[in-house]
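A.B. asks: I have a structure here, written as C-alpha cells, and I will follow up with some questions on it.
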Ligand code: HEC
Ligand code: HEC
C-alpha cells in the first residue's frame, strides 16, 4: 500500500511538474522571437518556414573542464586558438595512397542488389543507395546537396546516410519534427548553433551547408527526413571494460575484438562491423555503445524524475527536471520537442554539453539550458547512456498506464459528493 501511495505521489508530482514546465515552454515559445533579436530578412525569404535571419548571439566562452571528450571524438582538450581545418569537398578522384584496382572494383553488400566501388562510396556528391526500399525517393538535396554550392556541394545523405540514421560523429535527422528541423537549420545559419569544440570539422561543414540551402531545399529535406520511421542503430551495454580504440574522423574504431581497457567515466561507441560502417557505409549497420556499470540506473533516475527523491515522506528536489516532462514519457518527442530515445549517446552528450556551454543557444533551447545547468560530466554519461538505451519504449508506456490506473482507482474510491 505504501509503495502504491509512493507511486501515486511520484506520478502526480511528475504530472504537476510537467504541467508547470510545459506552460513555461508555451510562454517561451510565445516570446520566441523578441523584436530586438530578430531582423526580418528582406522579402521574407523564409517563405513561411520561419527561417528569418537571427542576429547571432555573442560567442560563448567554453569551460572545457567538464567536456565529454569522448562525445566529440577527441583525446585531449583543445589548446587556446586551436580550430578545425575546413573539410575538402568529396569527389570521385582516385586516392594516390591506395591501389587503383581497390578503388574501382565493384563491391557487394549482403541484403542489397546494388554494386558500388570505393570511388562511388566516397563520392558524397552522388550519394550511394544500398537499400532504396528503406526510405522515400531521395530529393536532389539529399543525394547531391545544396545546388548553390556547385562543385563544393555534398549530399545530406553522405554524412546522415540516405535513411537519416546518421552516425555518432554527426546526427540522426530521421524522424525529427519538421518545425524542429527547420529551427536547427535557422540556428546553424545564424550562429546560434555550433560546436563547443572549435576543432570539430563536420559541424562547420554543416553550418556552411545550412547557409547554402535554398528555402525549398530546407523544406524538401525536412519533409524527407521527417517521414522516415525511427529504427535505432545503437546497442547499449554496461561494461567495466571497452576495446582499445583509435579515433578516425572523430569516430572511435575498435582495435581489438575483446574489451581489455577500463571504461572509466566514458561512453565508447564503435561500429558493430567496421567494414560495413566505414568501408561500405551501409546505413543498416549499427553501433555498440559501452557505458559504465550502474550508469543506466543512475541515468534513469535523472531522466524520469530529474533526480528527485523522497526522504521520510518529504520530496527532495533533484538537480534537473525530468526529461520526460517535455520529451514525452517515451522520450519520443511531443509536438516540436524532438525525440531523443535510442539516439547515439555520443551525440546526446555532445548536445548536452553544447547547450550547457551556450554553443547551442537558439531561442528554443533556452529551457534546455536550465535543465543541463547543474549536470556534471558524469551525469551526462548517465543521462546519455539511459536515453540511448530507452528504445523501444514499452516500459515507459507501461509505467504511465500503471500510474493512471492507480489515479483512476483512487478517484473512484472518493464518494461522489466530494469529487
Ligand atoms: C559533413 C557532414 C554533414 C553533411 C553533408 C550534412 N550534415 Fe547535417 N549535421 C552534421 C553534423 C556534424 C551535425 C551535428 C552537429 C553537432 O553535433 O555538432 C549535423 C546536424 C544536423 C541537423 C540537426 C539534427 C538534430 O537532431 O538537431 C540537421 C537538421 C541536419 N544536420 C540537416 C542536414 C541537411 C538538410 C543536410 C544536407 C543539406 C546535412 N545536414 C548535411 C554533418 C553533416
Ligand atoms: C522544459 C522542457 C525540456 C526538458 C525538461 C528537457 N528538454 Fe531537452 N529539449 C527541449 C527542447 C524545447 C528542445 C529543442 C531545442 C531546439 O529547438 O533547439 C530540446 C532538445 C534536446 C536535445 C537535442 C536533440 C537533438 O536532436 O539535437 C537533447 C539531446 C535533449 N533535449 C535532451 C534532454 C534531456 C536528456 C533532458 C533531461 C535531463 C531534457 N532534454 C529535458 C525541452 C526540454
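A.B. asks: I'd like the full set of residues that are farther than 14 Å from residue 250 by Cβ and touching a helix residue (DSSP H, G or I) at 6+ places or on another chain (Cβ under 6 Å), limited to the stretch 66-89.
C.D. replies: 66, 77, 89 - these are the residues of the stretch 66-89 that are farther than 14 Å from residue 250 by Cβ and touching a helix residue (DSSP H, G or I) at 6+ places or on another chain (Cβ under 6 Å).
A.B. asks: Filter the stretch 155-172 down to residues that are under 13 Å from residue 90 (Cβ atoms) and in contact (Cβ under 8 Å) with a residue 60 or more places away in the chain and give me whichever is surrounded by the fewest Cβ atoms within 10 Å (Cβ to Cβ).
C.D. replies: For the stretch 155-172, the residue satisfying everything is 158.
A.B. asks: One residue is enough: does the stretch 339-347 have a residue meeting the conditions within 25 Å of residue 59 (Cα to Cα) and either in contact (Cβ under 8 Å) with a residue 12 or more places away in the chain or more than 16 Å from ligand 1 (Cβ to nearest atom) (or both)?
C.D. replies: yes
To keep it simple, each residue is scored yes or no on (1) within 12 Å of ligand 1 (Cβ to nearest atom); (2) touching a residue at least 60 places away in the same chain (Cβ under 8 Å); (3) under 15 Å from the mean Cα position of the chain (by Cα).
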| position | (1), (2), (3) |
| --- | --- |
| 308 | no, yes, no |
| 311 | no, no, no |
| 321 | no, yes, no |
| 325 | no, yes, no |
| 349 | yes, yes, yes |
| 354 | yes, yes, yes |
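A.B. asks: If I go through the stretch 239-250 residue by residue, how many of them are within 13 Å of residue 75 (Cβ to Cβ) and in a strand (DSSP E or B)?
C.D. replies: Total meeting the criteria: 4.
A.B. asks: Which helices (runs of 4 or more DSSP H) sit wholly inside the stretch 81-154 and have at least 1 residues that are under 25 Å from the mean Cα position of the chain (by Cα) and touching a residue at least 12 places away in the same chain (Cβ under 8 Å)?
C.D. replies: Qualifying helices (runs of 4 or more DSSP H): 118-122, 140-143.
A.B. asks: Out of the stretch 333-347, which residues are more than 12 Å from the chain's Cα centre (by Cα) and more than 10 Å from ligand 2 (Cβ to nearest atom)?
C.D. replies: None - no residue of the stretch 333-347 is more than 12 Å from the chain's Cα centre (by Cα) and more than 10 Å from ligand 2 (Cβ to nearest atom), so the list stays empty.
A.B. asks: Within the stretch 155-164, how many residues are assigned to a helix (DSSP H, G or I) and away from ligand 2 (no atom under 16 Å from the Cβ)?
C.D. replies: 2
Read-outs throughout are calculated quantities, based only on the coordinates presented, and are distinct from any laboratory measurement. Note that the coordinates shown come from a computational prediction; the quantities given were computed from them, not determined experimentally. When we count neighbours, we look across all protein chains shown, and the Cβ atoms used for this are built from the backbone with ideal geometry, even at glycine.
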